[in-house]
Amino acid sequence: MNLKVENLALFGKTKKIEIMIDSLMDCISNGAMKFESGFDIYLNGAEEGRCDDSVHQIRDLEVEGNRLRREIEGHLYTDMLIPDSRGDVLSLLEDTNYLLGLAEDIFLAITVEKPAIGDTFKGDFKLLASTAVKSVESTVLASRAFFRNITAVRDHLGKVSFHEEECDQIATRLKRNIFASDLKLENKLHLRYFVDKLDRLADEAEDVGDWLAIYTIKRSL
Amino acid sequence: MSATGWPSTQSNVLFEHELGSCVTLSRVRDKTFDKLRETIAMEITVLIFLTSGLFLGWSLGANDAANVFGTAVASRMIQFTTAAIICTVCLILGAVISGAGAAHGLGALGKLNALPGAFMAAFSAALTVYWMTKAGLPVSTTQAIVGAIIGWNLFSGSITDTTALTKIFATWVACPILGAIFGALIYKAVVLILNRSRIHLLRLDGYTRLGLIIAGAFGSYSLGANNIGNVMGVFISSHPFSDFSIGDLFTISAIQQLFLLGAIAIGVGVFTYSKRVMMTVGDGILPLTPVGAWVVVIAHSIVLFLFSSIELEHFLVSSGLPTIPLIPVSSSQAVVGAVIGIGLLKGGKGIKWRVLGNIASGWITTPIIASVVCFVMLFILQNVFNQVVYHEVRYVLSGPVLEQLEKSGIAVAELEPVRDREIVGGTHFRDAILEIKPKLTGELEEKILDAAEIYRLRVDPGKIKEIEAGYLSDEQIRGVQALSGLTYDHTWQLYDALSGSSMEWKKREKNKLNKPFNKHLDEQLKYVYELLHLENSGAINQ
């Protein structure tokens, strides 16, 4: 018998899932910030161990995010909650959680491949990473609003689009500068690869936002 | 044998006595067997007739459960099995607890004066509702019953109350419109509130689910309480049950047992066949969100409450507030109206007009089919199975009747040609009146018919003992006892005598404030009339 107090209380289980969803969003948001700070550490050329710490932290957050997502999915299905928007919520949680996984992948690739980012490009790389993280954070805010304040979703999604466009501009500018520089071609290609990876984070965030806009229309009462 | 003859005499006497005893015993035995046979035959007949009530109950459950749980099930907020369990439990409680309390009012079928006729009317209504349920269309069971009664009226030559017909027409139009208006208004208000309150999606889901369960449970309770009269009311006087007690713990009255049986039939209908209509109501016309589903249930309940509650009207009048006009409402039509209202509020693009057209045509055809089926079935029942499907109602404009009519301000001089002419059948009597008085208004016609109807009553002391003490007050019972042994030809004569003997039998002035009192008194009077009615005093097997 599952006689926990939270299960006996009226809406006890609902409250538990609410907390879990909030925790998942916290994980994604924290992961994105960790990614930004880790990338900063990498750009500033700190010792290798600190970057690895950041990788571990992001990975832990991703593992926790995955656990929460699975648990939420299980609850939503077994307790048959939110039947009309269950599918949308599950997709939203998976998509947002994917952003955290993507951030981890990118940062892991940086620490493994160690791209040689010269001082000339550091500023733009930092800006690119920071803007991509902003787009992720806006997506997280929009997702939170989807659960509590449906009218605010649109505002946050506007910011996601704005940051994604910013990212595109920065990435284009950065790639032009990289290929206009005296670097060897292999270095240029390597840097371009990471520019694209960082830009992809913002693109994916925008894709999540686009789906979220549709879920919001469906949920609009 | 001795010569004195004594033994012989004795033996003769004894023989005769024995013979006599044997004959008497044999007669008694024969009579007992006859009586037993009659009782068994009657009980079997009653049980056969009872099946039509159960069929009607089953149809009602299969169709009307959609009004209370259709949107909840179709929006997947409540599983069908859960909804069916809640609905069945609550409607059984409603039927047994509140239904039995209102049993004296009977249902619409209580107007039919012969059990086989009532059986066929119930059967026809049930058959019609079953067809509509099979087609997945939500229809009004009451309208099917009224349709069947119209069929009975046509067959028996009784007069159809034109207001019943007008009510049906009015309901087709007014009810969906009111449902739509209330549905749209409540939906708009709920959306505004929810957007401001910023409730978490999951919490909102929980509240909506709870709201749907509570609204559904109350709806099911009132469904059971209000409709059990139609399903089982007609069998109150002829059921084979007796009171049942478990120690001193509790007693289930015979009527409660009868209603329990009816409610179980409704419950079986809910479990076995209601899902299809539920899906039509909750998803077929317009896919609804859970909040929309809740709004529909609430809007239909509010429409039903505001536009049909005499208690609310009384409260408003007694508080000096303006009243809301009471109009006939049907819950199926209010629910469909509320769904349309929400659909129109959202721009009307999601509404499936074809489904709506099917539903509307179902509404129109339901009373028509029920009346035709009833008419044909009555013909078969009467001519093939030799059953008395109606007792003839006789009318007479006797001296006392004319006096009574004169008192109520009707010019009786014109009615003299039909004075003391006993006419069989309402339509014949009306035609005879219309011949001499062609420009008769509906109200006057009703007054004359009411006054002239022969309904023989005898204030039998034995029957007085059967009066339920809780239903009539002590003073009212004393009023009836004061008339013990007297007979009356018309109900109004008994009413005059009762109102003369006790103030508690006197109707109050006709106004909105006194409406609930007069309505209750009418129900009590109807109960007394039925109890004291000299049955078969004009029954003729047609």
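Looking at this structure, is A:Asp95 away from chain B (no Cβ under 14 Å) and either within 30 Å of B:Leu286 (Cβ to Cβ) or among the acidic types (Asp, Glu) (or both)? Answer is yes for this residue. Number of residues in the stretch A:106-127 that are touching a residue at least 24 places away in the same chain (Cβ under 8 Å) and either of a type in the set (Asp, Glu) or in a helix (DSSP H, G or I) (or both) equals 14. When the stretch A:68-78 is limited to residues that are of a type outside the set (Val, Ile, Thr) and more than 10 Å from chain B (Cβ to nearest Cβ), the one that is farthest from A:Ser23 (Cα to Cα) turns out to be A:Tyr77. Which members of the stretch B:402-435 meet the condition of being at positive phi and either in contact (Cβ under 8 Å) with a residue 60 or more places away in the chain or in contact with a Pro (Cβ under 7 Å, 6 or more places away or on another chain) (or both)? Result: B:Gly425, single match. Restricting to the stretch B:185-220, and then to whatever is under 34 Å from the mean Cα position of the chain (by Cα) and among the small types (Gly, Ala, Ser), can you tell me which residue is nearest to the other protein chains (Cβ to nearest Cβ)? By that ranking, first place goes to B:Gly211. Criterion applied to B:Leu223, B:Leu210 was being surrounded by fewer than 24 Cβ atoms within 10 Å (Cβ to Cβ) and assigned by TED's automatic domain parsing to the domain that holds B:Ile92, and the one residue passing it is B:Leu210. Of all residue pairs spaced 6 or more apart or on separate chains, none has beta-carbon atoms under 8 Å together with a first member in the stretch B:179-190 that is free of Cβ contacts under 8 Å to residues at least 12 places away in the same chain and farther than 18 Å from B:Gly347 by Cβ and a second member that is basic (Lys, Arg) and crowded, with 17+ Cβ neighbours inside 10 Å.
Being part of a loop (DSSP other than H, G, I, E, B) and either in contact with a helix residue (DSSP H, G or I) (Cβ under 7 Å, 6 or more places away or on another chain) or not assigned by TED's automatic domain parsing to the domain that holds B:Lys506 (or both) is the filter here; which residues of the stretch B:470-480 pass it?
Residues satisfying the conditions are B:Tyr471, B:Leu472, B:Ser473.
In the stretch B:160-184, how many residues are within 14 Å of chain A (Cβ to nearest Cβ) and among the hydrophobic types (A, V, I, L, M, F, W, C)? Step through it out loud before you land on a result.
Taking the stretch B:160-184 as the starting set, the residues that turn out to be within 14 Å of chain A (Cβ to nearest Cβ) are B:183-184.
Restricting the remaining residues to those that are among the hydrophobic types (A, V, I, L, M, F, W, C) gives B:184.
The total comes to 1.
Only one residue in B:Val317, B:Val296, B:Val231 is among the aliphatic types (A, V, I, L, M), more than 14 Å from chain A (Cβ to nearest Cβ) and crowded, with 19+ Cβ neighbours inside 10 Å, so which one is that?
On the way: B:Val317 fails: crowded, with 19+ Cβ neighbours inside 10 Å; B:Val296 fails: more than 14 Å from chain A (Cβ to nearest Cβ).
Testing whether each residue is among the aliphatic types (A, V, I, L, M), more than 14 Å from chain A (Cβ to nearest Cβ) and crowded, with 19+ Cβ neighbours inside 10 Å leaves just B:Val231.
Scanning the stretch A:178-201 for residues that are surrounded by fewer than 14 Cβ atoms within 10 Å (Cβ to Cβ) and in a helix (DSSP H, G or I) turns up A:Phe179, A:Ala180, A:Leu185, A:Glu186, A:Leu189, A:Tyr193, A:Asp196.
Exactly one residue among B:Thr51, B:Thr82, B:Thr88 is modelled with pLDDT of 75 or more, farther than 30 Å from B:Ser301 by Cα, of a type in the set (Val, Ile, Thr) and surrounded by 13 or more Cβ atoms within 10 Å (Cβ to Cβ), and that residue is B:Thr51.
Of the helices (runs of 4 or more DSSP H) entirely within the stretch B:360-464, those holding at least 2 residues that are over 23 Å from B:Leu486 (Cβ atoms) and at pLDDT 85 or above occupy B:426-436, B:442-452.
The values are calculated or read from the model by the stated rules, or taken from the named source; none is laboratory data. Please read all numbers here as calculations on a predicted model, not as lab measurements. Because the Cβ atoms are built from the backbone with ideal geometry, glycine has one as well, and the counts that use them run over all protein chains shown.
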